[in-house]
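To keep things clear, I will list the structure first and then write my remarks on it.
The values are calculated or read from the model by the stated rules, or taken from the named source; none is laboratory data. None of these values were measured; they are calculated from a predicted model. Cβ coordinates were reconstructed from backbone atoms using ideal geometry, including for glycine residues, and neighbour counts include every protein chain displayed. Areas reflect the complete protein model, heavy atoms only, side chains present, ligands, DNA and RNA absent. Shrake-Rupley method; radii C 1.70, N 1.55, O 1.52, S 1.80 Å.
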Amino acid sequence: MTPLSNKHILLGVTGSIACYKSADLASKLRQYGADVDVILTHAATKFVSPLTFQSVTARRAYTDDDLWGDAGHVLHIGLAETADLMVVAPATANTIAKLARGQADNLLTVAALAMRNVVLIAPAMDGGMWAHPATQQNIKTLETWGIKIAGPVSGHLASGQLGVGRMVEPDELLGIIRKELSAGGPLGGIKVVVTAGGTQEPIDPVRVITNRSSGKQGFALAQAALDLGADVVLISAPVSLPTPPGAQRVDVRSSGEMLAAVETAVKDADVLVMAAAVADFRPADVAAQKIKKDAGMPEIQLEAAPDILAAVSKEKGKSNSLRIAVGFAAESQNLIENAQAKLSKKNLDLIVANDISAEDAGFEADRNRVTLLFADGRIDALLLQQKSSVAERVMQEIAHLLGIAQN
Ligand code: C5P
């Protein structure tokens, strides 16, 4: 289940070259469980056919012919009334101008005017058209009415020039839509801090000691918390993953930097989920200059890295506002015994244990096989599943631990 499951999305497509990207957006919305109705303006049909959208949504795509068809007098109202969210992507300067005047001269603008739920607009146009005072004024007007604007972003424009005017990419729009639909979810008003990735402990200005953590599980946890409506701070060691839209991302490198970032973030947080693979050892002294190989084999003295989770969890509800602390235990042997020992030693409410000796799960993989161990002694071994499903389950358990009922 995602916030898009069984939701009804109305996708308005207007006449910009970016409308080829809307087919991808429609397809992704459907993959995440939404029913997608598409309305194309006359100009949009010059770029892309209604059949393209019908093929990816498995529903009729509407054009202005439908405005004058048999059901025309009720169609626009029906589409708008049943929509949980309307997204106009791409939105041309022309359609934006019409919407800002409340004009309703085609099926798309009539439906937009009839919308009572969230309307999201993703402008796409030439840089000069976007910068024009008329467009800027129109955008301000729409914003004062509570209409959400996503983008445009800068990059290569259809004119061949560089500038601001590109439509936000479908993946990012999907994230923004997901966030809009999860507002008012069970974790609404709850601040969740998630850490992710493997820390890098410097040896000298160019070399580091790190580990194989990809950050995938941590990022999935941040997404799952957002999906339940939480305010999310995602503290990440270096990873190559996109930030889940709506999360406040803090980039760090070493365990020392992560400790400082976590301590700041948990001052007023309710939940800490430490999914990061934090170094246990780090070089005791960091060489100021690059260590030269002709100076002989270096001896690197290690010292214990700060145990962030233990330090912060010890202060649960004292110098910070934490109510729930969740840890991860990556083990290659005696999974349950080792995880149980960490659960009590680090004063946790829940520990997610995974056996890293398995080849089909864990580090770098998209799937994970974990066992949940709770402070009250409950143990739940989950089947091999996508990291996103593990994340959803962990967040549901956190909601239970907070005493929040879910529907
Ligand atoms: O003790 P161990 O490293 O196995 O514990 C794993 C858990 O503790 C993880 O949740 C990890 O994020 C956290 N941890 C930490 N600081 C460290 C090492 C691990 O917060 N230096």
Checklist outcome for this item: Mean projected area, convex hull of alpha-carbon positions in region 278-407, reported to one decimal in nm², is 11.5 nm²
Checklist entry - Is the shape of region 121-201 rounded, prolate or oblate, going by the alpha carbon gyration tensor and its root eigenvalues a ≥ b ≥ c, with a/c under 1.5 for rounded and a/b larger than b/c for prolate? => result oblate
Checklist outcome for this item: Over the chain, the sum of -39500 (n - 2.57) across DSSP H runs of at least four, divided by residue number and rounded to 500 deg cm²/dmol, gives at 222 nm -10500 deg cm²/dmol
Checklist entry - What does the accessible area per residue of region 249-407 come to in Å², with a 1.4 Å probe and no ligands, DNA or RNA counted? => result 55 Å²
Checklist entry - With each pseudo-label sitting 7 Å past Cα toward Cβ, what's the Gln161-Glu303 distance in nm, one decimal? => result 5.6 nm
Item to check | Listed peptides 81-91, 133-143 by packing density, highest first (mean Cβ within 10 Å) | outcome: 81-91, 133-143
Checklist outcome for this item: Plugging the Cβ-Cβ distance of Arg116 and Ala295 into 1/(1 + (r/R0)^6) at R0 = 60 Å yields, to the nearest 0.05, a FRET efficiency of 0.25
Next on the checklist: When a/c reaches 1.5 or more, the comparison of a/b and b/c decides; with that in mind, is region 71-119 rounded, prolate or oblate per its Cα gyration tensor?
Outcome noted: oblate
Next on the checklist: For a quick check of your reading of the filter: which trypsin sites (Lys or Arg not before Pro) in region 303-371 sit in a DSSP loop and have no more than 11 other Cβ atoms within 10 Å?
Outcome noted: Lys318
Next on the checklist: Just to confirm, what accessible area per residue do you get for region 34-127 at 1.4 Å probe, in whole Å²?
Outcome noted: 42 Å²
Checklist entry - Among Lys216/Lys290; Lys148/Lys191; Lys216/Lys318; Lys267/Lys345, which pairs are too far apart, with a Cα-Cα distance over 27 Å? => result Lys216/Lys290; Lys216/Lys318
Checklist outcome for this item: Straight-line reach check, Lys342, cutoff 20 Å on alpha carbons, 8 or more apart in-chain or any other chain, hits among lysines -> Lys314, Lys316
Checklist entry - For the chain, what is the percent of antiparallel DSSP beta bridges, rounded to the nearest 5? => result 30 percent
Next on the checklist: In whole percent, and with a 1.4 Å probe on the protein chains, what portion of the accessible area of the chain is carbon and sulfur?
Outcome noted: 51 percent
Next on the checklist: Rounded, prolate or oblate, given the Cα gyration tensor of region 73-219, with a/c below 1.5 counting as rounded?
Outcome noted: oblate
Checklist outcome for this item: Inverse of <1/r> over all distinct C-alpha pairs of the chain, i.e. the Kirkwood Rh in Å, gives 23.6 Å
Checklist entry - So what's Rg/Rh here for region 239-343, counting alpha carbon atoms and using the Kirkwood radius for Rh? => result 1.05
Checklist entry - Between Asp24 and Ala375, what FRET efficiency comes out of the Förster formula 1/(1 + (r/R0)^6) with R0 = 45 Å and r the beta carbon distance, rounded to 0.05? => result 0.55
Item to check | Selected from Val271, Val370, Val56 as most flexible by GNM, with the chain as the system and alpha-carbon contacts under 10 Å | outcome: Val56
